[in-house]
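Presented below is the structure to which this report refers.
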Amino acid sequence: MFDTMNAAWIALGLSLKVAGWATTINLVLGVAAGYLLARGRFWGKELLDTILTLPLVMPPTVLGYYLLVLIGRKGWLGGWLEHSLGIRLVFSWQGAVIAASLVAFPLVFKSARAAFENTDPQLEDAARVLGLGPMAIFARVTLPLAWRAILAGVLLAFARAMGEFGATLMVAGSIPGQTQTLSIAVYEAVQAGDDPLANRLVLLISAVCIVILLLAGKLLPGHQRQGSPHA
Amino acid sequence: MLEMHIQKQFQHKDRAFRLDVRFQTSQSRMVVFGPSGAGKSLTMRAIAGLMTPDEGHIRLGDRTVLDTQRSINLSPQQRRTGYLFQDYALFPHLTVRQNIAFGLQHGWRNPRKQAQHPGVEHWLQRLGIAALADQYPASISGGQKQRVALARTLITEPDILLLDEPFAALDTTLRSSMRQILDELQQQLAIPMLLITHDPEDLSAFGDAVLHIHEGQSHD
């Protein structure tokens, strides 16, 4: 009984750690990419959008395979990292973070791009004429108007990263306490016929996901009070 | 006061539009007059630096803000123009007081909600909007929004005031009272003013010098 609970909490802790790091990475990269594609004008923009959206529709195992080709011990980036810096990403929790980041990236990127495209460019013009530089305009006008929609996407990305299975398993494997996240632990428990553990794990991850979705629902546009300052 | 000659070619799919505007005046009350789609707003945006012409020059008073031959092109931030947008462009996430104080600080943080700045209080009183100071733009009327936008611009002490159809969205009574407010402000502050309109009444009230634009071309 105690062991069962302990294993579940360890797996949950690891899932939260992996999803937390993946979300932080996506917050930076997704918002930057979303802003670039919303405001930038360059050749191949829509092709880049398509490529950045691919993780949303591709099977996670395929993404995992791509990652192995890239950061695996014989991958061109992974081989270099191991030889020159002694860093090995596969079968580590950092590898799980990379897998979860990749899979959840489009959710942040897409919502950020839409949020930036929905902010009125005339407000940025008004700020320019009033003397503000580009960074100040981003911090004082663009981001405050877009953050709600971005945050909703970030929460969905966190939930997606929590539930990540396929790519994580391929890149990081299933090492208890190191890379065995909650969703992988469920699979292992069922395979081992450990129904009590599987039950607890499933209830735990369901509860976490419900909380995240409730939070995301509160933040999604259209759910705001009338006359809200952020309307 | 204002001397300009700008040219720009726009190409959008199979539609082409050529802007070629030449204007020179020493008057300080100027009107840009013409039908919609003629290029009035584009001309205004070029003066503010929000649009860069292919070729030309713009001089405001004794300052050259654009001269393509001499590679001079001041950014909108450097031009010291005051721009009143047609739909006011108030910041929806800031209160009236924060909106007015917006241009006073150029750092990364917006003015605080509670902060009281003498200049802001002055303009709140002068334009009769002090009662609205803590409201958000979404909850005030069109005429009130325009006063807020005017205060937000004037507090930065611009060298020239650019007004894009300032009365178009107002009803007739409000329109004549705003016209009077603007008339008085212009005289008290002695600030040069360029106003876009297609209303002949604006022309008689503010048109000491008139720039006629038709299909992108200026006429005398």
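The values are calculated or read from the model by the stated rules, or taken from the named source; none is laboratory data. Values in this document were obtained by computation on a predicted structure and should not be read as measured data. Note that we place each Cβ from the backbone using ideal geometry, even for glycine, and neighbour counts take in every protein chain shown. We work out accessible area using only protein heavy atoms, side chains counted, and drop any ligands, DNA or RNA first. Shrake-Rupley method; radii C 1.70, N 1.55, O 1.52, S 1.80 Å.
Assorted remarks:
- Inter-chain shielding of A:119-126 (mean C-beta neighbours from other protein chains, 10 Å cut-off): 6
- Efficiency of FRET from Cβ geometry, residue A:39 and residue B:13, R₀ 25 Å, rounded to 0.05: 0.70
- Nonlocal amide H pairs with residue B:55, under 5 Å, H built at 1.01 Å: B:7
- Rounded tilt (10° steps) of A:45-57 against the dominant C-alpha axis of chain A: 30 degrees
- Dividing the mean sequence gap of close Cα pairs (under 8 Å, 6+ apart) by how many residues chain A holds gives a relative contact order of 30 percent.
- At least 10 Å² of accessible area lost relative to the chain alone, listed for the range B:80-96 with a 1.4 Å probe: B:81, B:83, B:85, B:87, B:89, B:91, B:92, B:93
- With respect to chain A, whose longest principal axis is taken over its alpha-carbon atoms, helix A:93-118 is tilted by about 20°.
- Three-way shape call for the range A:108-198 based on the alpha-carbon gyration tensor, with the a/c threshold at 1.5: prolate
- Secondary-structure-derived ellipticity at 222 nm for chain A, considering helices only, amounts to -24000 deg cm²/dmol, per-run term -39500 (n - 2.57) for DSSP H runs with n ≥ 4.
- Under the Karplus curve 6.51 cos²θ - 1.76 cosθ + 1.60, θ = phi - 60°, whole-Hz ³J(HN,Hα) for the range B:10-21, x wherever Gly or Pro sits: 10, 10, 10, 6, 9, 9, 10, 9, 10, 9, 9, 10
- Note on residue B:130 and residue B:70: their simple-model spin labels are 4.6 nm apart, each label 7 Å out from Cα toward Cβ.
- For the protein assembly as shown, the antiparallel share of DSSP beta bridges with both residues in that region comes to about 60%.
- Computed 3J(HN,Hα) for the range B:191-205, one whole-Hz value per residue from the Karplus formula 6.51 cos²θ - 1.76 cosθ + 1.60 where θ = phi - 60°, is 9, x, 9, 10, 10, 8, 7, 10, 9, x, 5, 5, 4, 6, 7, glycine and proline marked x.
- Distance violations [Cα-Cα > 25 Å] among A:110/B:13; A:17/A:74; A:45/A:218; A:45/A:110: A:110/B:13; A:17/A:74; A:45/A:218
- When peptides A:154-164, B:65-75, B:39-49, A:15-25 are sorted by average Cβ neighbour count within 10 Å, with the highest value leading, the order is A:154-164, B:39-49, A:15-25, B:65-75.
- Think of the protein assembly as shown as having a plus end and a minus end, set by charges on the Cβ of Lys, Arg, Asp and Glu; of A:53, B:216, B:177, A:53 sits farthest toward the positive end of this dipole.
- Degrees separating the helix A:2-39 axis from the principal Cα axis of chain A, which is the longest one: 30 degrees
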